[in-house]
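Novice: Okay, handing you the structure first.
The values are calculated or read from the model by the stated rules, or taken from the named source; none is laboratory data. All values reported here derive from a predicted model rather than from experimental measurement. Cβ coordinates were reconstructed from backbone atoms using ideal geometry, including for glycine residues, and neighbour counts include every protein chain displayed.
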Protein chains: 2
Amino acid sequence: MEFRELFPLWDRLSADEQRQISESLVYRRFDKGTLIHDGSADCSGLMMVAEGQLRAFILSEDGREISIYRLFERDVCLFSASCVFRSIQFSVHVEAEKDSGVWMIPAELYHRLMERSAALANYTNELMASRFSEVMWLMEQILWKSFDKRLAACLLEESAIAEGMRLTLTHEQIARHLGTAREVVTRMLRYFSDEGMVRLSRGSVELADEKRLRALAEA
Amino acid sequence: MEFRELFPLWDRLSADEQRQISESLVYRRFDKGTLIHDGSADCSGLMMVAEGQLRAFILSEDGREISIYRLFERDVCLFSASCVFRSIQFSVHVEAEKDSGVWMIPAELYHRLMERSAALANYTNELMASRFSEVMWLMEQILWKSFDKRLAACLLEESAIAEGMRLTLTHEQIARHLGTAREVVTRMLRYFSDEGMVRLSRGSVELADEKRLRALAEA
């Protein structure tokens, strides 16, 4: 889809702002699994997902990951342009979780437009507030929810994304989403399986009792 | 101190904007221990610390707390005006950690001014980015949790070596001991200092609460 159809603020930009964006917009395709943005080292620009699905995650020094949010069609990734904000002092990595197409606006141009446009700056504020909310939610999960609840919530979320009960996810992938070790996931999935809440097979997890999983996640 | 001396953006506001703020500004004093802002139920307004010290924290359903950041003189608390942002979906509580004096701008006025002023909206963006960074830092600590323990252990060891509580060590030296970057040490020491576990001065670190440091190191 065209950028102007995806970007909710397009009609509130001046003709000149629209022209500047149009002239420097780039459309890029990324194969599933590609690392699109690699932490703070890199300030690729603002990304708007046109198709596919991206995953934003943080990385520990010893290589452990935890997913912090997903980006779907029309979602905008601010942190691939984190150099726009002086005060951002953390690194987010972004990978294509499906084959994806992404509109990119150079960070420098976005910064320049935002400096002068209250509409764009307020839009950016709302984007940041909404990512902030996702991270706060995640932090509360990590702090206060036991792992069985987090895993149940994760399976339900993945099932909503996949629009089906059968998830083609390895234990390793789930462990990475949840920032834990594969063994921890395997053990809990076996418990879920014994309880009849999931059915396990090689490389996939099937939700067998959505109702109980939901009760657990929301307990 | 007067609001206009504390607020870095004052001179970039129009005379009319300055007048509107001056007319609705309120100065409030809070005794140490007072709960100033009570989660999302309450949208008191934007707060600027004129004197004292505030603590922002989140609260679990069963009443557990965790501090997410401290606010010192000149710091601004956005989340006491979280209704300004549609996308903020979490609750922050704020209490006075010392006797404090706070300038408050009504949320509705701030929202109205920010809608039209790119300068104010960009300033707010930076505030949010900087709180976001603090929360991400905290989350990484919680997730990968080891550096705080390592640093606490290192300080105790050095103190045993020095046979005293006052260590003449630079952050650079500690960083070298621990195989990390100086910035990482500085940040964690500031956190220890905010928590009252150490006292910092140029070229030295004083252990102020050995018992807590030991509990942390051995956790």
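Novice: Filter the stretch A:87-115 down to the residues that are part of a loop (DSSP other than H, G, I, E, B) and within 12 Å of another protein chain (Cβ to nearest Cβ) and list them by number. Can you show your working first?
Specialist: Filtering the stretch A:87-115 down to residues part of a loop (DSSP other than H, G, I, E, B) leaves A:87-92, A:97-99, A:106.
Once the filter is applied, which keeps residues that are part of a loop (DSSP other than H, G, I, E, B) and within 12 Å of another protein chain (Cβ to nearest Cβ), the stretch A:87-115 yields A:SER87, A:ILE88, A:GLN89, A:PHE90, A:SER91, A:VAL92.
Novice: Residues A:VAL84, A:VAL92, A:VAL102: which one is in contact with a Lys or Arg (Cβ under 6 Å, 6 or more places away or on another chain) and either under 28 Å from B:MET114 (Cα atoms) or buried (at least 21 other Cβ atoms within 10 Å of the Cβ) (or both)?
Specialist: Numbers: A:VAL84 fails: in contact with a Lys or Arg (Cβ under 6 Å, 6 or more places away or on another chain); A:VAL92 fails: in contact with a Lys or Arg (Cβ under 6 Å, 6 or more places away or on another chain).
After applying the criteria, what remains is A:VAL102.
Novice: Further, regarding this structure: Consider only pairs whose beta carbons are under 9 Å apart and that are at least six residues apart or on different chains; among these, list those whose first residue lies in the stretch B:47-76 and is within 12 Å of chain A (Cβ to nearest Cβ) and more than 18 Å from B:ASP194 (Cβ to Cβ) and whose second residue is among the hydrophobic types (A, V, I, L, M, F, W, C) and in a strand (DSSP E or B).
Specialist: From the stretch B:47-76, the pairs are B:LEU59/B:ILE66; B:SER60/B:ILE66.
Novice: Another question, then. Out of the residues in the stretch B:142-182 meeting the condition of being of a type in the set (A, V, I, L, M, F, W, C) and touching a Phe, Trp or Tyr at 6+ places or on another chain (Cβ under 9 Å), tell me which one is nearest to B:ALA217 (Cα to Cα).
Specialist: Just the residues of the stretch B:142-182 that are of a type in the set (A, V, I, L, M, F, W, C), to begin with: B:142-144, B:147, B:151-156, B:160-162, B:165, B:167, B:169, B:174-175, B:178, B:181.
Remaining after also requiring touching a Phe, Trp or Tyr at 6+ places or on another chain (Cβ under 9 Å): B:151-152, B:155, B:178.
On the way: B:LEU151: 8, B:ALA152: 5, B:LEU155: 10, B:LEU178: 14 Å.
The qualifying residue nearest to B:ALA217 (Cα to Cα) is B:ALA152.
Novice: All but one of (1) more than 17 Å from the chain's Cα centre (by Cα); (2) within 28 Å of A:ALA160 (Cα to Cα); (3) of a type in the set (Phe, Trp, Tyr) hold for A:TYR110; state the number of the condition that does not hold.
Specialist: Unmet for A:TYR110, out of (1) more than 17 Å from the chain's Cα centre (by Cα); (2) within 28 Å of A:ALA160 (Cα to Cα); (3) of a type in the set (Phe, Trp, Tyr): (2).
Novice: Only one of A:LEU120, A:LEU151 is buried (at least 20 other Cβ atoms within 10 Å of the Cβ), part of a helix (DSSP H, G or I) and not assigned by TED's automatic domain parsing to the domain that holds A:ARG74; which?
Specialist: Details: A:LEU120 fails: not assigned by TED's automatic domain parsing to the domain that holds A:ARG74.
Matching residue, one of A:LEU120, A:LEU151: A:LEU151.
Novice: Going by the structure shown, is B:GLU140 surrounded by 17 or more Cβ atoms within 10 Å (Cβ to Cβ), free of Cβ contacts under 8 Å to residues at least 24 places away in the same chain, in a helix (DSSP H, G or I) and over 24 Å from the mean Cα position of the chain (by Cα)?
Specialist: Details: surrounded by 17 or more Cβ atoms within 10 Å (Cβ to Cβ): yes; free of Cβ contacts under 8 Å to residues at least 24 places away in the same chain: yes; in a helix (DSSP H, G or I): yes; over 24 Å from the mean Cα position of the chain (by Cα): no.
No.
Novice: Another question, then. Which residues, taken from the stretch B:123-136, are in contact with a helix residue (DSSP H, G or I) (Cβ under 9 Å, 6 or more places away or on another chain) and either more than 7 Å from every other protein chain (Cβ to nearest Cβ) or surrounded by fewer than 18 Cβ atoms within 10 Å (Cβ to Cβ) (or both)?
Specialist: Hits for the stretch B:123-136 are B:TYR123, B:ARG131.
Novice: Now for a different question. Of all strands (runs of 3 or more DSSP E) completely enclosed by the stretch A:5-86, which ones contain at least 2 residues that are assigned by TED's automatic domain parsing to the domain that holds A:THR124 and under 19 Å from A:ARG176 (Cα atoms)? Walk me through it before giving the result.
Specialist: Values: elements: A:26-30, A:35-38, A:46-51, A:54-59, A:65-71.
Passing ranges, in order: A:35-38, A:54-59, A:65-71.
Novice: Determine whether the stretch A:157-170 contains at least one residue that is among the aliphatic types (A, V, I, L, M), touching a helix residue (DSSP H, G or I) at 6+ places or on another chain (Cβ under 8 Å) and in a helix (DSSP H, G or I).
Specialist: So the first thing to find is which residues in the stretch A:157-170 are among the aliphatic types (A, V, I, L, M), and the list is A:160-162, A:165, A:167, A:169.
Next, from what is left, pick out any that are touching a helix residue (DSSP H, G or I) at 6+ places or on another chain (Cβ under 8 Å): A:165, A:167, A:169.
Add one more test, that the residue is in a helix (DSSP H, G or I), and what stays is none.
No, the stretch A:157-170 contains no residue that is among the aliphatic types (A, V, I, L, M), touching a helix residue (DSSP H, G or I) at 6+ places or on another chain (Cβ under 8 Å) and in a helix (DSSP H, G or I).
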